[in-house]
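Single-structure report; data block below.
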Amino acid sequence: MVCPPVVPPLSWLDPPGGPEPPPVERAVPGDAWALAELAAATFPLSCPPEVQPEEIAYHVAHQFHPTRVAGWLTDPLVVVHVGRAETGLAGYSRLSFDPAEVEPAIWPQLTLRPTCQLSKCYVRPEWQGSGLADQLMAAALTAGRQRSARGAWLGVNPANLQARTFYGRHGFRDVGWRHFEVGGRLFTDCLMERALAEPVVVRRPGPAGSGV
Ligand SMILES: CC(C)(COP(=O)(O)OP(=O)(O)OC[C@H]1O[C@@H](n2cnc3c(N)ncnc32)[C@H](O)[C@@H]1OP(=O)(O)O)[C@@H](O)C(=O)NCCC(=O)NCCS
């Protein structure tokens, strides 16, 4: 089984523009509350229409409780980067080296070891298309290389064409499937993987545009 192809939207014909992305930094423990709010606000953007509001609310309440998010920021197996705008946190990425976060069925589908999971990459709508996501990706993948990972992988809903296009531009390729639970219901995500050894040249200029 393969993921359905991504069909480019007409927005690809739009001229470039929009705000400059804010700086990307490692998140610090003091970011926990703001990061929890950001995670709660952006998670629904990744959900297909069939996910019910109460399922999203359940997921957000459990997965993005500030206490849980604070734990990410002190976990040596987790690296979180944020886009720090003057108006607050604009986006974040979360990279995990924790094998306990990986479902057993995922391991045989991955081709590269050691590996790391890009478990979150979320940008507020007003910063999408700004290049912030590229910088969050670049920071995460650099962290993966610094810890000697040979590959990185992620799960994404097949209907999330914006994210799949973005990940494809960053060199991720479909390698299989995984189950992902939202509010007690299982959904099927595309599993994507890329090698970290070779930089992938992306379209936008700047730190990420030189290859991540
Ligand atoms: C995924 C995400 C971080 C990417 O950030 P972004 O700023 O939108 O990314 P970019 O603009 O650099 O790239 C998105 C690409 O998708 C394209 N795109 C936008 N809408 C699309 C659609 N409906 N179908 C296909 N492609 C689409 C854009 O044109 C762009 O392609 P391009 O780079 O060739 O121009 C951001 O969209 C986001 O936070 N989405 C909501 C949360 C989410 O889904 N996170 C991922 C969870 S796995």
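The values are calculated or read from the model by the stated rules, or taken from the named source; none is laboratory data. All of these numbers come straight from a predicted model, not from anything done at the bench. Positions of Cβ are generated from backbone atoms using ideal geometry, with glycine treated the same way; all protein chains shown enter the neighbour counts.
Given the condition of a type in the set (Val, Ile, Thr), in contact with a Cys (Cβ under 7 Å, 6 or more places away or on another chain) and surrounded by fewer than 21 Cβ atoms within 10 Å (Cβ to Cβ), answer yes or no: does some residue in region 86-103 qualify? Looking for residues that are of a type in the set (Val, Ile, Thr), in contact with a Cys (Cβ under 7 Å, 6 or more places away or on another chain) and surrounded by fewer than 21 Cβ atoms within 10 Å (Cβ to Cβ), one finds none in region 86-103, hence no. If you go through region 167-195 and pick out every residue that is buried (at least 20 other Cβ atoms within 10 Å of the Cβ) and not in a strand (DSSP E or B), you end up with 4. Considered as a group, the residues in region 131-166 that are part of a loop (DSSP other than H, G, I, E, B) and more than 6 Å from the ligand (Cβ to nearest atom) include one that is nearest to Arg84 (Cα to Cα), and that residue is Gly131. Mind listing whichever residues of region 25-71 are surrounded by fewer than 17 Cβ atoms within 10 Å (Cβ to Cβ), away from the ligand (no atom under 16 Å from the Cβ) and charged (D, E, K, R)? The answer is Glu25, Arg26, Glu54, Arg68. Pick out the one residue from Gly71, Gly88, Gly83 that is in contact with a Gly (Cβ under 9 Å, 6 or more places away or on another chain) and within 21 Å of Phe43 (Cα to Cα). Gly83 is the lone residue from the list that is in contact with a Gly (Cβ under 9 Å, 6 or more places away or on another chain) and within 21 Å of Phe43 (Cα to Cα).
Residues that are in contact (Cβ under 8 Å) with a residue 40 or more places away in the chain, of a type outside the set (Lys, Arg) and more than 27 Å from Arg185 (Cα to Cα): does region 59-68 have at least one? Checking region 59-68: not a single residue is in contact (Cβ under 8 Å) with a residue 40 or more places away in the chain, of a type outside the set (Lys, Arg) and more than 27 Å from Arg185 (Cα to Cα). Of all residues in region 21-45, those that are in contact (Cβ under 8 Å) with a residue 40 or more places away in the chain and outside any strand (DSSP E or B) have Cβ atoms under 6 Å from Cβ atoms of residues that are small (Gly, Ala, Ser) and within 15 Å of the ligand (Cβ to nearest atom), 6 or more apart or on another chain, in Pro21/Ser130; Pro21/Gly131; Pro22/Gly83; Pro22/Ala85; Pro22/Ala90. Of the numbered criteria (1) in a helix (DSSP H, G or I); (2) modelled with pLDDT of 95 or more, the one Ala90 fails is (1). One residue alone among Glu126, Glu50 is part of a loop (DSSP other than H, G, I, E, B) and not hydroxyl-bearing (Ser, Thr, Tyr), and that residue is Glu50.
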